[in-house]
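No lab work stands behind these numbers, since they all come straight from the coordinates. Note that this is a predicted model, so its numbers are computed, not measured.
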Amino acid sequence: MMRFATAPLLLALCAASFGAGLAAGLPPAFAQGAGAPRSETRPASQKPASTRPAKVDPALQAAAQKVAGPFLLSSADGMRTCAVTLRADPAPGPAPAFLLGLDAGACTAIAFAPQLSAWTPDPSGAVRLLDGQGRLVAEFTEATGGSYEALREGDGVYFLAPPAAQSGIEVSVEEMTGDWDLARTAGKPICRWTLSADPAAGGSRAVRVAPGCDAGLAQFAPVGWRIEGGNVLVESGSGATTLRFARQEDGSWAKVPERGRPLLLLRP
């Protein structure tokens, strides 16, 4: 008879233990006597991003292989630079893209450079630089001499050029010193500059402007010029953006990037 009398007592003890477990904040699975918590299902929105590369179309892979290599990312005035490497290896992420390498610590002068982690070629011939989530950071369109150029709103113009192409361009001070006509169209000069060998502020060389110059160019007020990366850079005394001239196939010089009104630098 004692054996049966203890059954209500045992049930009461189990109930008390269950209530204590709930009061102590134990997981419901333990409180219910399941012995182990049930696994939770993570919402789809909380699943970690894929670290596996997306499948790359062979045509896109071939296009990437043609462009891939070392490049120099630089501001329009050439004062801020960053060495980057466009690789042909697929990058992790949901969309097809390729790995991009750079030393973020050495590229802090270009504000958006540390964001870069991938790139992809565009059917138009452009190079699109992406961040770690695959978002577009800058799109560079084809320019001259195997280089690319991008205009970032509110930031300025940037160039992406292969160092090998730059080092193969020889431009000397002696070649560039002397009188130059500036024109929107060949044969119709609107101003004349003299690029002097005399030193100017900041390590540049002096520029002299002839009387009767076009109003816009007169307002630009050039104060110095220098050679950088095979280009001729002319600095403004009025705070305007530095003008960059690149040698063309016919030996003339033209303002780059080519957006906006053209400007040629021609020998008189």
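Worth pointing out:
- The stretch 49-96: mean projected area of Cα convex hull, nm²: 4.5
- Calculated from backbone phi, Karplus (6.51, -1.76, 1.60) coupling profile of the stretch 126-132 in Hz, x at Gly/Pro: 7, 10, 9, 9, 10, 8, x
- Within the straight-line cut-off of under 15 Å between alpha carbons, the aspartates and glutamates reachable from Lys66 are Asp57, Asp89, Asp122, Glu142, sequence neighbours fewer than 8 places apart in one chain being disregarded.
- Taking one quarter of the surface of the C-alpha convex hull of the stretch 69-110 gives a mean projected area of 3.6 nm².
- Under a 5 Å amide H cut-off, with hydrogens placed 1.01 Å from N, Ala240 pairs with nothing among residues at least 5 apart or on other chains.
- The string of couplings for the stretch 67-82 from the Karplus curve (6.51, -1.76, 1.60, θ = phi - 60°) is 8, 3, x, x, 9, 10, 8, 9, 6, 4, 7, x, 7, 10, 9, 7 Hz, one whole number per residue in order, with x for Gly and Pro.
- q = 0.26 Å⁻¹: log10 I(q)/I(0) that the Debye formula gives for the stretch 86-136, counting C-alpha atoms only: -1.00
- Projected-area mean, the stretch 198-268, by convex hull of Cα positions, square nanometres: 5.5
- Rounded to two decimals, the Cα-based Rg/Rh of the stretch 121-253, with Kirkwood Rh, is 1.01.
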